[in-house]
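A short worksheet on the structure shown next.
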Amino acid sequence: MTYRHHLSAFADRALRAAMPAPPRYAVSLIDRRTGKPHRISEIPLRLITCEPFRTARDLMRDRDPALWGTAIHRLDRKGALQ
């Protein structure tokens, strides 16, 4: 392997380090009757996004706001809820 192969990998890592990643958010659909997240096959519905308000609006489309709500949580750099 020549130095040219390593140069592109180094440039990619340097670019990622210099440009911070946009914050990520977890958006969940909440059943207001139970206060718990909506589940599909016993797995809570949680979408990861950089645009939490657009995602929440999309989740609420054609749903009754009296029965459904959304929860938005910011994620840290490792993907854990803050």
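The values are calculated or read from the model by the stated rules, or taken from the named source; none is laboratory data. As the structure is a computational prediction, the values presented were derived from the model and not from experiment. Backbone-built Cβ (ideal geometry, glycine too); neighbour counts: all protein chains shown. Side chains included, ligands, DNA and RNA excluded: accessible areas come from the protein's heavy atoms. Shrake-Rupley method; radii C 1.70, N 1.55, O 1.52, S 1.80 Å.
Some values worked out for this structure:
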item: Residue-normalised accessible area of the chain, expressed per residue, 1.4 Å probe, Å²; result: 83
item: Cα-derived Rg to Rh of the chain, Kirkwood definition; result: 1.23
item: Net charge dipole size for the chain [Lys, Arg +1 and Asp, Glu -1 on Cβ; Debye, nearest 20]; result: 160
item: Built amide H within the under 5 Å cut-off of HIS38, gap 5+; result: LEU29, ILE30, ASP31, LEU45
item: Leading residue at positive end of dipole, the chain (Cβ point charges), from VAL27, ALA9, PRO37; result: ALA9
